[in-house]
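Below is one structure; the comments refer to it alone.
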Amino acid sequence: TTIFFSGATKMIVYHVTLLSLLTMAWLFVGAVLPAQASEVEKLFPAFVPPNEATAALYPKEILFATAPVQIRYLLISTVGYFSLVMGCHDTALDFFGKRNPIPKKYCNRDDFLVSYAYVLLRSVELEFPAVAQAYGQVMASVGYDPNNRSRAGVVGVGNKIGIPVANYFLNDGWNSLGDLSGPNGRPFSDYTNYKPKNSDRTPPSRLRFPLRWQPLEGFLDNLGQFYHQIHVVPFLKYARSLVLSEREFRTRQAPSPYRNPNRLWNLSRSDKDTMIRLASEIVDLNANLTPEQRFYAAFWEIKATSLGFLQGYYRLALGLNDFEYAAFATSEVLAQYEAIRVVWKEKVRHDLVRPQTVIRSGLIGDLVNSFVKKQGKVLEIPSSVWESYLHTQPHSEYPSASSVLCSATLENAEVVTRWKLGPGTPSIPINLTLPAVAFPSALWSSLGLTSNEQLVHLFFESSSVMAENCGMSRLWAGVHFRPAVEEGLRLGQGLGAAAWNHVQDLIEGRVPPNCVRCDMA
């Protein structure tokens with residue numbers, strides 16, 4: 001039985017579908033592997049079923065990290081792959097805008113996989129040491145020494161590409177080691193002295209700035225450990241650009257959805273009317289969530305899996321060769337990187353309140369109907385204890401990062417489609433069947449899955465429908481108001497095309513405009 005979820009219609013249909021798991025596995029292979037399985041293939045992640053490399057490279061700490069850290073991890077693990085593939089190209093520059101050819105004798109598939117293993121290991125070992133340790137064990141099990149730092153031979157090819165990648169990203173403004181925060185600084189901790197306008201201890205009904213963000217309370221476990229949120233990576237406007245010029249970055253802005261967002265103690269009549277309307281929509285949706293809406297709320301929560309499916313799908317649909325796929329994958333993650341920088345700049349600039357805080361303030365009433373996950377049904381509860389369907393992430397509300405990410409990612413896919421098939425090519429429908437095993441098991445209950453043999457069929461009429469579904473999923477999850485979704489979709493426009501043009505310059509042997517890293521390398 002397949003659960004059929006359609007983003008184009010509002011229906012759930014149950015039907016039987018047969019799909020080769022081998023074909024599914026090919027969706028996720030970044031290099032075309034030999035038809036006959038070999039030991040060296042174990043170095044490359046396979047997803048259906050997951051192998052040891054998959055478990056090592058995509059642990060739950062990465063899959064469930066906040067969106068900026070997920071995107072950063074994908075970026076660091078992708079750009080070295082780009083440099084490796086383009087080293088076998090006749091004219092292309094590497095990620096740093098340098099011509100760095102690889103001896104043709106190392107461009108066969110088995111040697112490529114060995115080199116790529118060392119590229120991956122060296123790229124992530126400084127910022128994500130736990131991932132590197134786990135992947136190093138996979139390499140050792142296949143007979144490759146993770147401590148081999150030789151610069152000769154096929155191992156040297158990987159080391160010479162991966163080490164500069166790791167070194168570059170250590171000093172790009174992300175504070176990934178915590179060294180910018182002082183001697184005891186934690187990785188990715190703030191170094192800009194950001195402070196929320198509202199205390200985490202103030203009742204939501206008595207906030208000094210009712211429209212500004214308030215850190216929420218959460219729980220670490222079911223043994224009495226609780227915490228209050230700290231805004232994740234509020235410093236991203238200082239992170240180094242990879243595609244956009246400083247002017248393009250600075251002027252890409254979202255207008256405030258409120259007339260007086262900095263008003264003290266109470267709302268203006270206009271903003272009160274707006275907030276009642278927006279919060280009421282969230283509560284009504286939460287009390288009437290369909291299984292489809294719950295599925296997509298959970299599906300889009302983890303960008304590494306939801307957006308990650310698209311790369312493999314478009315590779316097959318467009319018939320991309322190794323060079324074209326490397327360009328596509330890299331342009332996609334560059335678009336996502338700039339999307340994260342842009343949206344986080346705007347999040348911190350506006351610093352707006354989350355739905356959970358507004359609803360708990362009692363603005364729309366002391367009692368509300370809500371889907372209570374603990375009981376699995378809709379109950380009338382005090383608004384002071386209302387919770388969003390999914391966990392609300394530790395950062396301010398506006399605009400929606402998911403909306404910006406999906407808008408940029410799917411625009412990138414559209415641009416690549418027209419580049420490959422011609423300018424008049426219509427949008428390719430997304431028609432994808434995935435077994436439950438392709439999803440992290442921790443997501444199964446949220447996705448409505450009950451066994452690893454269950455199949456899920458995703459269908460979207462076009463990439464724009466898919467982007468809209470992604471954005472709306474944040475409304476269904478109860479973590480964003482509608483303006484954050486709509487403005488996020490608009491804010492992401494142009495980023496996918498800019499990233500593709502940037503990568504095309506590299507492939508054609510030109511240093512792209514605004515390539516700060518190229519000037520530094």
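The values are calculated or read from the model by the stated rules, or taken from the named source; none is laboratory data. Since we're looking at a predicted model, the values are computed, not measured. Cβ coordinates were reconstructed from backbone atoms using ideal geometry, including for glycine residues, and neighbour counts include every protein chain displayed.
Taken over region 219-249, the criterion of being over 22 Å from the mean Cα position of the chain (by Cα) and within 30 Å of MET275 (Cβ to Cβ) is satisfied by PHE219, PHE226, TYR227, HIS228. Looking across TRP444, TRP476, TRP386, one residue alone is of a type in the set (Phe, Trp, Tyr), under 23 Å from TYR58 (Cβ atoms) and either buried (at least 19 other Cβ atoms within 10 Å of the Cβ) or at pLDDT below 95 (or both). It is TRP444. Restricting region 357-377 to residues that are farther than 17 Å from THR274 by Cβ and aliphatic (A, V, I, L, M), the residue that is surrounded by the fewest Cβ atoms within 10 Å (Cβ to Cβ) is LEU367.
Got at least one residue in region 481-489 being crowded, with 17+ Cβ neighbours inside 10 Å and small (Gly, Ala, Ser)? Reasoning before the result, please.
We begin by selecting, within region 481-489, every residue crowded, with 17+ Cβ neighbours inside 10 Å; these are 481-489.
Among the residues that remain, those that are also small (Gly, Ala, Ser) are: 484, 488.
Yes, there is a match, as at least one residue in region 481-489 is crowded, with 17+ Cβ neighbours inside 10 Å and small (Gly, Ala, Ser).
Output the residues belonging to region 334-362 that are in a helix (DSSP H, G or I), hydrophobic (A, V, I, L, M, F, W, C) and under 27 Å from LEU307 (Cα atoms).
Of all residues in region 334-362, those in a helix (DSSP H, G or I) come to 334-350, 355-360.
Among the residues that remain, those that are also hydrophobic (A, V, I, L, M, F, W, C) are: 334-335, 339-340, 342-344, 348, 358-359.
Across region 334-362, the qualifying residues are LEU334, ALA335, ALA339, ILE340, VAL342, VAL343, TRP344, VAL348.
Every condition in (1) more than 19 Å from PRO483 (Cα to Cα); (2) out of contact with any Gly (no Cβ under 9 Å at 6 or more places or on another chain); (3) not assigned by TED's automatic domain parsing to the domain that holds HIS502 is met by ASN260 except one, and the failing one is (1).
If you check GLU411, GLU397, GLU468 for being modelled with pLDDT of 90 or more, assigned to a loop (DSSP other than H, G, I, E, B) and either in contact with an Asp or Glu (Cβ under 7 Å, 6 or more places away or on another chain) or crowded, with 18+ Cβ neighbours inside 10 Å (or both), only one passes: GLU397. Hey, among PHE95, PHE82, which residue is assigned to a loop (DSSP other than H, G, I, E, B), within 18 Å of GLN336 (Cα to Cα) and in contact with a helix residue (DSSP H, G or I) (Cβ under 7 Å, 6 or more places away or on another chain)? None of the others qualify; the one that does is PHE95. Being assigned to a loop (DSSP other than H, G, I, E, B), over 19 Å from the mean Cα position of the chain (by Cα) and at pLDDT below 90 is a description that applies to SER451. I'm trying to understand the selection: among the residues of region 115-131, which are under 22 Å from the mean Cα position of the chain (by Cα) and of a type outside the set (D, E, K, R)? Hits for region 115-131 are VAL119, LEU120, LEU121, SER123, VAL124, LEU126, PHE128, PRO129, ALA130, VAL131.
Can we say LEU316 is over 27 Å from THR251 (Cα atoms), in contact (Cβ under 8 Å) with a residue 40 or more places away in the chain and assigned to a loop (DSSP other than H, G, I, E, B)? No; evaluated as a whole, the condition is false for this residue. Pairs linking a residue in region 241-254 that is closer than 13 Å to LEU495 by Cα and not assigned by TED's automatic domain parsing to the domain that holds GLU346 to a residue that is surrounded by 14 or more Cβ atoms within 10 Å (Cβ to Cβ) and polar (S, T, N, Q), with Cβ atoms under 8 Å and 6 or more positions apart or on different chains, are SER241/ASN514; VAL243/ASN514; LEU244/ASN514; SER245/ASN514; GLU248/ASN514; PHE249/SER241.
Consider ASN175 carefully, then state whether it is assigned to a loop (DSSP other than H, G, I, E, B), touching a helix residue (DSSP H, G or I) at 6+ places or on another chain (Cβ under 7 Å) and buried (at least 16 other Cβ atoms within 10 Å of the Cβ).
Yes, satisfied.
If you go through region 399-433 and pick out every residue that is within 19 Å of the chain's Cα centre (by Cα) and among the aliphatic types (A, V, I, L, M), you end up with 7.
When you look at THR251, is it more than 22 Å from ALA67 (Cβ to Cβ), among the polar types (S, T, N, Q) and modelled with pLDDT under 95, yes or no?
no
Kindly provide the set of residues from region 65-79 that are of a type in the set (Ser, Thr, Tyr) and assigned to a loop (DSSP other than H, G, I, E, B), ordered by number.
Correct list: THR66 only.
Filtering region 115-171 to residues that are in a helix (DSSP H, G or I), in contact (Cβ under 8 Å) with a residue 60 or more places away in the chain and either surrounded by fewer than 20 Cβ atoms within 10 Å (Cβ to Cβ) or among the small types (Gly, Ala, Ser) (or both) leaves ALA117, ALA130, ALA134, GLN137, SER141, GLY158, GLY162, ALA166, TYR168. Taken together, VAL69, VAL29 contain a single residue that is modelled with pLDDT of 90 or more and not aromatic (Phe, Trp, Tyr), which is VAL69.
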